[in-house]
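Engineer: Quick one: the structure is below, questions incoming.
Only the coordinates and a few stated rules stand behind these numbers; no lab work does. Everything quoted here is computed from the prediction, not taken from an experiment. Note that we place each Cβ from the backbone using ideal geometry, even for glycine, and neighbour counts take in every protein chain shown.
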Amino acid sequence: YDDRDGKIWMDGTLVEWRDAKVHILSHALHYASSVFEGERAYGGKIFLSEKHSQRLLKSAELIDMEIPWTVEQIEAAKYEVVKANGLSDAYVRAVAFRGAGPDMGVSSARNPVRLAIAAWEWGSYYGDAKFKGAKLDISKWKRPSPETIPTAAKAAGLYMICTMSKHAAEAKGCSDALFFDYRGYVAEATGANVFFVKDGEVHTPLPDAILNGLTRQTVIGMLKERDITVHERHIMPEEMAGFEQCWLTGSAAEVTPVGQIGDYTFEVGALTREISEAYEALVRS
Ligand code: PMP
């Protein structure tokens, strides 16, 4: 995966894929001083590209890190990478992190903040679950309080328990894991937001301890355009017994139907299909 042809943008220049390396004493590797974005290009156009670049800068600010690039420069860099790799439909990954420098302790104010952008082809995030409905485990870990960690940042530190939860889920034959939050409310999956349908209305967790995903916001807009009532609220896990449909949203996950979460089952219903298809049309429009 690292030893292949291709180009990666690093700190202002395109480098060969196999040469896109960092030093082992990079601060980020030791202390999770890293923020990132996951975006998709459709037909060469990155969906909500500027919003992703803005969120990258915001995430960095939230972890007390200043990225030495503007939104405009990040936009140009992302398109340069997509083009240099001859990609049309692609996943774009920007990552900003504290590099190696004079400080190798927790404090790293003098270390450079670096930015890299890679892009590659990445098909359906949940494989055929996209059609059948994904099966989700329930994580034993809880999304932390915003007083514990800046939960609005797309920051590496928040993903440690995501990887652990996803590994545990995969070991049980599930595609992903759903988290509850520190209060016990339904929160999000390891890389996606969650929606439920009951009696023609939609329920989704309030984004007060989760990532308020760009896809989540897009889908809420699509539902409102269709005059479908959306309840953004605290959801108790037991309520899942009464929900009829469920789907996940994310830039990588797009709109993926969910068939099962733990022992709760859902049908891949008409609204799920409609929103999933409408999202596919929107990203290419
Ligand atoms: N929650 C988490 C934890 C995520 O990693 C993601 C993916 N970025 C999302 C939600 C969905 O966010 P978005 O729709 O902006 O990709």
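Engineer: Kindly flag which residue pairs out of 7/45; 51/166; 130/172; 78/224; 140/224; 51/135 have an alpha-carbon separation exceeding 23 Å in this structure. Working shown, then result.
Structural biologist: Values: 7/45 18 Å; 51/166 27 Å; 130/172 19 Å; 78/224 31 Å; 140/224 34 Å; 51/135 30 Å.
Distance filter (> 23 Å) returns 51/166; 78/224; 140/224; 51/135.
Engineer: Any chance you could give the angle, 0 to 90 degrees and rounded to 10, that helix 214-225 forms with the longest Cα principal axis of the chain?
Structural biologist: Between the helix axis and the principal axis of the chain, the angle is about 40 degrees.
Engineer: Based on a Kirkwood Rh over C-alpha pairs, give the Stokes-Einstein translational diffusion coefficient of the range 80-157 at 25 °C and viscosity 0.890 mPa s in µm²/s.
Structural biologist: In µm²/s, the coefficient rounds to 147.
Engineer: Could I ask something else about it? Tabulate in residue order the Karplus-calculated ³J(HN,Hα) for the range 59-67, using 6.51 cos²θ - 1.76 cosθ + 1.60 with θ = phi - 60°, rounded to whole Hz; enter x for Gly and Pro.
Structural biologist: Whole-Hz 3J(HN,Hα) from phi for the range 59-67: 4, 4, 4, 5, 9, 6, 9, 10, 7.
Engineer: What is the spin-label model distance, in nm, from residue 229 to residue 147 if the labels are put 7 Å beyond Cα along the C-beta direction?
Structural biologist: Output for this residue pair reads 3.3 nm.
Engineer: Restricting to Cα atoms and excluding each atom paired with itself, what does the Kirkwood estimate give for the range 7-120 in Å?
Structural biologist: Radius from the Kirkwood sum: 14.3 Å.
Engineer: Which whole-angstrom value gives the distance between the alpha carbon centres of the range 178-233 and the range 145-175?
Structural biologist: So the separation of the two Cα centres works out to 17 Å.
Engineer: From the gyration tensor of the Cα coordinates in the range 129-283, what semi-axes in whole Å does the equivalent ellipsoid have, largest first, with each one equal to sqrt(5λ)?
Structural biologist: Values: eigenvalues 99, 60, 45 Å².
Values for the range 129-283, descending: 22, 17, 15 Å.
Engineer: Only loop residues by DSSP count here, and only those with at most 16 other Cβ atoms within 10 Å; note down the chymotrypsin sites (Phe, Trp or Tyr not before Pro) in the range 1-75 that meet that.
Structural biologist: Qualifying residues, ordered by number: 1.
Engineer: Two decimals, Cα atoms only, Kirkwood Rh: what is Rg/Rh over the chain?
Structural biologist: Details: Rg = 19.1 Å, Rh = 19.7 Å.
Reported Rg/Rh, Kirkwood definition of Rh: 0.97.
Engineer: What does the highest-first list of 21-27, 270-276 look like by mean Cβ count within 10 Å?
Structural biologist: 270-276, 21-27
Engineer: For the range 254-277 and the range 41-96, write down the distance between their C-alpha centroids in whole Å.
Structural biologist: Each part's Cα centre sits 29 Å from the other's.
Engineer: Among the DSSP beta bridges whose two residues both lie in the chain, what percent are antiparallel, rounded to the nearest 5? Let's see the in-between values first.
Structural biologist: Details: 41 of 53 bridges.
Given both bridge residues lie in the chain, the antiparallel proportion sits at roughly 75 percent.
Engineer: Starting from 0.36 nm per residue, how many nanometres of slack lie between residue 280 and residue 241 once their C-alpha separation is accounted for?
Structural biologist: Values: separation 39, 0.36 × 39 = 14.04 nm, distance 2.88 nm.
Stretched fully, the residue 280-residue 241 segment lengthens by 11.2 nm.
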